[in-house]
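Peer 1: A single structure is presented below for examination.
Rule-based calculations on the coordinates, nothing more; no lab input. Since this is a predicted model, take the numbers as computed values, not measurements. In this analysis, Cβ positions are derived from the backbone assuming ideal geometry, glycine residues included, and neighbour counts consider all displayed protein chains.
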Amino acid sequence: MKNLFKKIGALLMAAVMVLSMCTAVFATNDSMVADQATIKGINKEDGITVKAYKIITYNENGTYSEVLKNTIDKTEDGTLNPTSANIEALAKRTDDLTDVVNITDRNDEGVYTTSALTPGTWMIIVTGSNTALYNPAIISVKMDTDGKYKYGTLDFSTDTWNDNGTVYMKKSEPEIKKTAETVVAGNDIKGTQYGDIIKFTITADVPSYESSKDNIQYSIEDTLDGLSLVNKDTYVPSATIDGKKDAILTAAVEKAIVDGNTSFTVNDLGDEWIIAHRGGKIVITYYAKVTSDAQLNIDLNTNTAKLTYSTNDKVQNKTSKTKHYTFGIDTSVVGTTETGTPNKTGEFVKINQNGEVGYDEKTGEVTKTTETELLSGAEFQLHIGKPDGELFTDARGNSTFTTDASGKLEINGLDSDVVYYLVETKAPTGYKLVSTPIEVKINASFEGDTLTGYDVVIGGKTTHYEYNENAGTVKLVNDKDHPSNPYGFKNTKISELPSTGGMGTYLFTIIGVVVMAVAAGAFFISRRRTSEE
């Protein structure tokens, strides 16, 4: 029996030893998983460099302090409280951070790990990507009671520890944004008039390149459509970096923006300047004049700003567009969806006193009655804002517009936000002048910044159009809910006259004949009476 108990005891001891060994093994495996930093979210590609820079150090007395003085915000009681602005600023000073760990352990899925970071807070910087730039991230390390390092994040303001030792790198893709506004207060940029000055603003990010990067490609380019650059008088370009003026940037912008040109490129800032301002925002403000002369009822002008920047061995591009429209009356139709629609739209037709005009419901062509005469040679001027306001001048320098053989009056480059007044300055030959101003207004409809349709209103007569920007087509709308009516400008015909006289000659001739007849009659009556006596 004794021997049996000895054997059972020996077996129990062996089992305890095995279990102890297993426990130790399991604990070690858990410790290996927990006691490391894991970095995810990095594109799987060659040439990537992942480095950790210590920005907060743990002191032997159990306190934390900045590696670089005055780089981390503090609470009122002096506790460190790192902010995103602090990290962004420190990412530009990696040359000043001397405690650096190069993280190279990457698995097949592109996940990086390290257990070489000592207690404190580290800033993770990823460089060398051909496809993206990465925002910096932070991870903290503390020493546990058993002397082992624990990886996670530490909220210094509350001294709260998060055991999650994984950081996800957020891709930083520099952006460019272009906006536009007219310099005339209250004038919507969607519709513009020939000669308007437009103020453009471009905001572009500077990538966060590593300090050793050279041969950087970085440029801001803008290509204009229906516009020309203005750089004179009060309309001069300006530029800032992070809200501050900079001599190098200002010189590059002023050199690039040449008065009268239709494009510019800012591309000679240099590696040193770009690295010194990495992570910053460039803001460029400049002016351009509307020069659109498309001679169409709708002229869509899209203007594209492009940011070009190198990542590692590749070059990336980002773009931002603005668009504006100019309009016209009696102009050529752009992309009509009705095969029968004529070359000219026909919202205005010059006709005689008894004439009447309309639109064919199916084809959209202008129709007229048998009594209608289409009058050419009438001259008009267009006043802006009021009947005696400033004269409108088009892109060809015309301020007087003449009706053609079909009685139509082509005027291009009009705004949808302005009331105009059309005044006849010369009547067609043989017709009386009508100097009463006729109001002209273009009412455009938009979804966002995209034109969906517009009405041309002349003298109270409205012509409706639908516009499909994707297809680039215009459709005349003429139905019971939206009847379209061209405006027939009527002139009264002057009676036919001798080539040497005017209207007054007839009157004097008639009076003279009557007087002579009366005189002759009186003379003969007088003679008869005399002979009878």
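Peer 1: Quick one: Cα centre-to-centre distance for segment 42-74 and segment 294-313, in angstrom?
Peer 2: 42
Peer 1: Among the trypsin sites (Lys or Arg not before Pro) within segment 248-329, which fall in a DSSP loop and have no more than 12 other Cβ atoms within 10 Å of their own Cβ?
Peer 2: When the trypsin sites (Lys or Arg not before Pro) of segment 248-329 are filtered for loop state and at most 12 Cβ neighbours within 10 Å, LYS314 remain.
Peer 1: Placing unit charges on C-beta atoms (Lys and Arg positive, Asp and Glu negative, everything else neutral), compute the dipole magnitude of segment 330-491 about its Cα centre in debye, rounded to 20.
Peer 2: 560
Peer 1: Now, a different point. So which trypsin sites (Lys or Arg not before Pro) in segment 395-441 end up in coil per DSSP with only 10 or fewer other C-beta atoms within 10 Å?
Peer 2: Passing both the DSSP loop test and the Cβ count: ARG396.
Peer 1: Moving on to the next point. Taking the highest mean first, how do the peptides 387-393, 38-44 order by number of other beta carbon atoms within 10 angstrom per residue?
Peer 2: In decreasing order of mean packing, 387-393, 38-44 become 38-44, 387-393.
Peer 1: So, one more: Taking a label point 7 Å from the Cα of ASP242 along the Cα→Cβ vector, which residues of segment 97-126 have an amide N closer than 20 Å to it?
Peer 2: Taking a point 7 Å out along Cα→Cβ of ASP242, the residues of segment 97-126 whose backbone N falls under 20 Å are 97-98, 123-126.
Peer 1: Something else now. What is the magnitude of the charge dipole of segment 93-214 about its Cα centre, with +1 placed on the Cβ of each Lys and Arg, -1 on the Cβ of each Asp and Glu, and no other charges, expressed in debye to the nearest 20?
Peer 2: Roughly 300 debye, rounded to the nearest 20.
Peer 1: Shifting gears a bit: Once you've got the Cα coordinates, tell me which of LYS178/LYS245; LYS69/LYS148; LYS244/LYS289 are over 25 Å apart.
Peer 2: Long pairs (Cα-Cα over 25 Å): LYS69/LYS148; LYS244/LYS289.
Peer 1: Where does the charge balance sit around GLN295 when Lys and Arg score +1, Asp and Glu -1, over other residues with C-beta under 10 Å from its C-beta?
Peer 2: Residues close to GLN295 contribute a combined charge of -3.
Peer 1: Just list whichever of LYS54/LYS150; LYS171/LYS306; LYS150/LYS213; LYS190/LYS480 have alpha carbons separated by over 26 Å in the model shown.
Peer 2: As for pairs spanning more than 26 Å Cα to Cα, those are LYS150/LYS213; LYS190/LYS480.
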